[in-house]
Structure formats: structure tokens, C-alpha cells
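Working notes for the structure below.
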Amino acid sequence: MGAPVLTASDVCKRFGPVQALRNVDFRLEPGEVHALLGINGAGKSTFIKILSGALQKDSGTIRIGGEDVHFRAPEDAIRAGIATVQQHPELVPDMSGLDNIFLGRETASRSLMGRIDREALEARADALLARFAVPIDLSQEVGQMSAVEREAVAILQAIAVDGIRVLILDEPTSTLTDVEREDLFALMNQLRAQGIAIIYITHQLEEVFAIADSFSVFRGGACIARMSVEEARSSGVSLADLMLGEAVGDIFPPKADPDARGDVFLEVRDLSLTHGFENVSFTAHRGEILGLFGLVGSGCDELAKSIFGVDPPDQGEIRIHGKPVSLRKPREALDAGIFLVPGDRRTEGLALSRHSLFNVPMANLRRAAGGRWGLKSRQLRTDIQRLTDQVALHPPHLNTPASGFSGGNQQKIVLAKGLYSEADIYIFVEPTVGVDIGARAKIYGLMRELSERAAVIVVSSDCDEVHGVADRTIALHKGRQVEPESGVFSRDDLLMAGIMGEGSL
Amino acid sequence: MRTWKDRMRHSTRGLGFVALVLIVAAIFGVLEPRFLSYVSLNGIARHMAANGLAALGLTFVVIVRKFDLSIAGVAAFCAMSMGALIAAGWPLWSVILAGLALGAVIGGISGIAISRFGLPDIVTTIAVGSIGTGLAFIYTGGRSIFQNFFTSGITDLNDAKLMGLGVSMWLLVAIYALAWFVLSRTRTGLAFYATGENPMAAHFSGIATRRFVALAYVLCAMCTVLAVLLILAESGTAETNKGANLMMPAYAGVFLGAAIMGGTSVIASFGGILLITMLLDGFALMGLPYYYSDGVVSLILLIGVLAFSDGARGTLQALRFLFWPQKSTKPTAKGSDA
């Protein structure tokens, strides 16, 4: 390869007492896909923000094509050829994909009254699509699009500027299914073929081998390793070990002893919901973790919410401790002892602008008030302190708003909320989306701990997660339940069952 | 619930608020010495009682992140209704109860329309308020009601004093204390705040968010009734434009208080409405025509909210950095001693 398109040397950044980046050296070759790895708090987000102009470095140099650059704002970075797609791209849902791509730069004129030339716009779109053959209909509204289509729109929007040489993707796959991920990788390959270098943040280590040419590992604010994927493959180095700085081994806790399986806490019989799922039946026992694998659209999310009373089922029966119940809203489900760790913790789980003391007791205000009306403030504080210690909230600040924590630690607050509600059936939906590997291991460990006194159900579109953490698994495919032919699913059978719907019924 | 650090920060804001009140009082006192007279301060207390009750009701609505623009209409209709009942010879206590019940019904209509049927809050409350304004005319066609007012005892609400303080002020303090307890010390209060912060997460936590939204409107309308009751007591007549001047001070009090105290709360609203009432009465005393009052209040609201916004704080810090580049390290006086 020729001269690097982007180099950084000795980049430092400090936030108050925290040294977020220390002497980071970084190199990006033209036309390579370069993965950026590291647990939350390792400094990769800070580094990306400096590259994209959202933050300013304290010291060090950044060179693009050999020239020193200093970005004061994101516009400077874009002008220098660096485009960024945020983890949750901001698109206008009511506008078409095409309108979103050219939003704010419909014309060359800066005047407010500048007329929008539809034909010129379409010509530009055609030129863009000629370079990148995305198999999506850009005339439909973004609100109607799937997650991967929205991601593609966001990427096209980012690179629609002339002279983009570097594209930064911040965890683009965290909300995608396995199939959608392949589509995204195809688009990334096209970009690479056009000579655009991609910096790509991910927590999914297997993706590194699937798509990346090389990777850098961040740990404790420093870039501790840069390697090509071939090197890593031939040397057999463990990426997780590099990220954590110590041998992690398995992130999944040991499986339960099948003999220790306790009573049936939850039984679901022939549960159906229109446009959701059909005739789903299973039992969840105390002492085990039940895994439910299904892609987006498989009805998994709907099933979990249905059991929790958000969208009550049309047909079928739910039994808790053997007694049939009818749960028509979350309050009734909570009273019956079910707690849902929702798939979207930011909208369904937390009041983001509030601290743990506010969030944790929310699902069990009765306990917070000791059965009466007035809150038992001191007791509440001790209880919450104990729970946040138990889930290893980091940093352990009770008064920091939830929005000030990383994804993994936000999930830990939701977990503490679940523990505070003292349920005996826990349903986790997509528990580790956007959660780094260290926090993932902790969350899986907590699930295992919880399963000693409660029935735990893990619902996820991540096959390895379901297979790794659950003692028993079932799959959902297009709303239909798929069960193993021989008692238990192997990892590959589970994946096939979820993707293809194969297996015995 | 809080660490000492949190408390410090909280009380710093509180102290700042007190300082602001004292400064405003001092400025008016210098410009117009009558401002600090007993009569004037008593007037401020009376006006604050009426404004404060309206602001308290609004506080509940703002906590669930909604708006209520029906305050003026509700006040007008309930004022005329209570006036008509007084004229009809009903005993005062039954008039007040009837007024509160009427307010609860109107607030319930807005609340249920917004929470249960998902109507937009601003449009709904403008409509309900306008209907109220119209209905205020059904009793007398717009003429004022004053019959029986002086024999009914309603004017005592304005005139009577308890330990040197008007009963209306006692009423205000009592209701604020109750509201403070409910909102910051009970699970009902937590549920109110949770509903406003993130209704979806609150729903998933088993909180009956619709009920709390509806309840906020009911409480707002009932507080408005109490506020307009005090206005009737002060003027001795019921007129259709009574309460027209309640809405703007209420909004100004709630939002200015929230801006200064860093969040909507009962205490913030109390401070906000104290400040607003002082400013209103001060300007009135200095001869500012009444028809400018809404404009003045709104201007103060905008300046206040801007001054205490995060953006302004950043600018302020930048300015401070300009004048005191480093944290003032004390000059080492001991060195010269040696």
C-alpha cells in the first residue's frame, strides 16, 4: 500500500482528572477496513470524536494525506475528507431516503431562497447509486425502512460529499440481524473497492475476521496494538485478551446442573398474537436459564412484551406457579412477579436524565415506600447502594444521570431496577446490545446468579449469546416456534432454526 | 436521598435565589420607598397567594411534561359560577366545594382527552379554556356579580389575618407544604416525575402514566379555582375577566423557578412566583400601566430562562475565565514574614 491516508501521533486528551487518551499513535491505509476495538471507556469513542471534529485534541498531531490538520468543528473534518456515521444516525423519518441523503445540501447556493433543482438532485443520486449499488428503494420514507436500510442511507449521506476519503462507522451492526449485517458488509466492500478507508467500531469480535483488513486495540486510553487480520489469524492471538489486558477465557458463566432445575415458574401454552407469533408453548423453571433465539421480525420481542402485558396475547394461556393469569398491562405482570429487561433500555428502561436513585426503585415504588405512601429515603438509599454494588456499576455514582454512563453500565442500572423489583421471573430482551465485553461477562454472571432463585429467560437475536448463556434453547422463526430434534440445539442447529426455520415442530 | 455535595449544590442555588429576591427588594425599595411598607408587602403576599396557587397547579402539569393553556378560561368560568352561587345565597363553604368540584370536572375533561384519547395538549386546553371563557357569560351575560358578597364572608379570605399574616398566605403555605410532601417525599411524587421523564419507561415499570397525566390536569384546574377564589375575595365582585391575569405569572413563576433551581419542583415554583409577584407589584407601584404587566412578566421570563440556561452558563464561565484566568491561589503572605 502507498502512503497512509491518515496518521495520528502522540494524541492526548484529558477530561478534568481523567486522562482519556494518552499518546495515541494510529495509522490508516487507503482503502482498508480497519476495526477499532476496546472495551467501553478504553478511549476509542474519544479518539473517533477527535477525528470527526466533535472534540479537540489537547496535544499531538493528526495528518491527512501527509498534511497537518486541526479540526475545530465537524465541518472541518468533513472538508478534510473524513465522514462519520454515528451509532444512532439522526435521520428524518418522514422524508424519503433520497431527501435525507441530500438534506441541507440540496443546492450549491447558500441562500435560503435557493430553489431545489429536482433533476440535478436525481442526477447526483444516480451518480451516487452508480458507484454504490445498494439494493434499497431510496424513494420510500426512512421511517418505513429496516435498520440496515437506514444505516445504508446514513452512510450514503455521509459520503455524498465530494472528496471523502475516510468513513468512520460507530457500531453500525449493533442493531442489525445476521442477515442484515451481510448486506452492510457488502456495502462496505463496495466502499473499500472505491478506495475509501473505513474505521469501524464494533464489540462483535467475529466481525473483525469477517470484514476487516486490520485492527487497532485501545486499552486504558492508549492504542496498544495494531495488527493485520492475517497476522492475528496466523498468530492465534485472542482479541478479547488484548482488549482486557488479561486472559478472559469464557465470558459465559458455567451451565446449570440439570438436576438442580426447580419448579416451573412460568408456563406458556399455545400463545398467539396477530402479526406477532403463533402457538408458542414453553416452560421456564427456577434454577435454569431459558434461551429464546430469533432474528428481528421473528416475533421474539413481541412475545416477551406480550407475556409482560404490554401487548396482551390474543389466544393461549399463561400460568405462573401453575395458576392461570391474565396480564393486561405491565403493572399486572410486575404484581405477578415478572420483570422485563426491555430491548431498548434508552426508551423503555430508563429515565436518562435521572440518576440511579430515581431509576432503580421505579418498578417497585411500593417497596420504596415500605408499603405506605411516604418514601423511606434512608432505607431506599442503602438498598440501592447495595444493588449498584452487586451489579458493579462503574463509576459507582448514585447521583450521576443515567445518560452519563456507558451502554453496559446503563444496562446494569436496568438490572439493579429489576433486582429491586424482586420478581421471580426475569425476561431479558437483547441484554447486551451496545455493551462491551467486560460488562457482558458481568451481566451473564448476574443472570446465572439470578437463576438460582428465579426463572430467567434470555431473548436475543445473537445466536452465540443465547447458546452461550442458556441451559435450554428454543428458536422462533417468523412467529413460529422451532424446537430441536434431539432434545437440545447445538449452536449451528440453533442458528439454522432461527434463520431458516428448520427443525422439528 | 442526597449526598452532602448534592445538598450543597442545591442550597447554593437556593441561596442565590434568596440573594436575587433581596436584591430585587432593595432596588425597588430605593426607587420607590413605599415598596417596603407594610401595606405594600401585604399586597405582595395577597397577590402571591393567588398567583402562587395557579403556579402550583401548573407545576404538576409541567412535571408530566405537558402544557395547560386553559387556566384563564377555567378561572373565568369558575369565578362566575362561584359568584352566581354566592348571589343565590349558598353558604361560603359549599360555594368553595362546588367550585373545586367544577374545576375538577373541567380538568378531568382536558386530562382524559389528552391522556386517554391522545389529543394534543396545547390544542385541547386552548379549546377547553375558550369554552370556559364563553360559558362565563351564561349567568349574567357579562355583567358583574356582587350580590351577597359582603355578607357571605368571602372577603374575609382577603382581609382576615392570623398572626399578622393574611389567611390567604397561610392557605398558600399550607397547600405548598402538602404539595411539596407529595411530590418529593411520596411514591406518588416519584410516579409523577417518572411519567414526565420517560412515559414509556414509566409504563414498563408499572406506573399508570395516563392516570397521572389526567390527575395533573385535575389538580391544575382545582388550584386555579382556589386562585380565582382569592381574587374574588380581594375585589368583592365576580367578573368575566377575573383570572385573565393568572396565566402568564403562573408560567413565568414555574419556568423561572425551574431555570434558577435547575428543575421543576414545588420549591422552585414558590421562589419563582415570589420573584414574579414582587416584580409585578413593584412595577405597578412605580406607575407602570396594568396593560403592560403581561408583557413585562413575559420579558422577565425570557431573560430569566436565558440567563440560567446551560448555554448562558458556558458563556458566563468563559467570561470568568477571561477575568480570573486561574483559580485564585492565595498569595503566600508567610513568605514575606520570614
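Rule-based calculations on the coordinates, nothing more; no lab input. What you are looking at is a predicted structure, and each value in this text was computed from that prediction instead of being measured. Because the Cβ atoms are built from the backbone with ideal geometry, glycine has one as well, and the counts that use them run over all protein chains shown.
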Which one is surrounded by the most Cβ atoms within 10 Å (Cβ to Cβ), of the residues in the range A:308-323 that are of a type in the set (Asp, Glu) and closer than 13 Å to A:GLY276 by Cα? A:ASP311
When you check B:THR240 against the structure, is it within 14 Å of chain A (Cβ to nearest Cβ) and part of a loop (DSSP other than H, G, I, E, B), yes or no? no
Please state which of the following conditions B:VAL228 fails to meet, knowing it meets all the rest: (1) touching a Phe, Trp or Tyr at 6+ places or on another chain (Cβ under 6 Å); (2) away from chain A (no Cβ under 14 Å). (1)
The helices (runs of 4 or more DSSP H) lying entirely within the range B:106-185 that contain at least 1 residues which are closer than 21 Å to B:ALA208 by Cβ are B:121-135, B:167-185
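Yes or no, residue by residue, for (1) part of a helix (DSSP H, G or I); (2) under 21 Å from the mean Cα position of the chain (by Cα):
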residue: A:VAL148; (1), (2): yes, yes
residue: A:GLY163; (1), (2): no, no
residue: A:PRO172; (1), (2): no, yes
residue: A:MET188; (1), (2): yes, yes
residue: A:LEU191; (1), (2): yes, no
residue: A:VAL208; (1), (2): yes, yes
residue: A:PHE215; (1), (2): no, yes
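Could you say which residue among A:ALA363, A:ALA351 is within 17 Å of A:THR400 (Cβ to Cβ), within 24 Å of the chain's Cα centre (by Cα), surrounded by 21 or more Cβ atoms within 10 Å (Cβ to Cβ) and at the interface with another protein chain (Cβ under 7 Å from one of its Cβ atoms)?
Working: A:ALA363 fails: within 17 Å of A:THR400 (Cβ to Cβ).
Of the residues listed, the single one that is within 17 Å of A:THR400 (Cβ to Cβ), within 24 Å of the chain's Cα centre (by Cα), surrounded by 21 or more Cβ atoms within 10 Å (Cβ to Cβ) and at the interface with another protein chain (Cβ under 7 Å from one of its Cβ atoms) is A:ALA351.
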Filter the range B:200-222 for residues that are touching a residue at least 60 places away in the same chain (Cβ under 8 Å) and either surrounded by fewer than 20 Cβ atoms within 10 Å (Cβ to Cβ) or within 14 Å of chain A (Cβ to nearest Cβ) (or both) and give the result. B:THR209, B:ARG210, B:ARG211, B:PHE212
Would it be correct to say that A:ALA158 is within 18 Å of the chain's Cα centre (by Cα), assigned to a helix (DSSP H, G or I) and within 20 Å of A:ALA77 (Cβ to Cβ)? no
A:ALA369 vs (1) surrounded by 17 or more Cβ atoms within 10 Å (Cβ to Cβ); (2) more than 10 Å from chain B (Cβ to nearest Cβ); (3) farther than 30 Å from A:ALA284 by Cα: all pass except (2)
Would you point out which residue out of A:ARG345, A:ARG328, A:ARG381 is among the basic types (Lys, Arg), within 13 Å of chain B (Cβ to nearest Cβ) and in contact (Cβ under 8 Å) with a residue 60 or more places away in the chain? A:ARG345
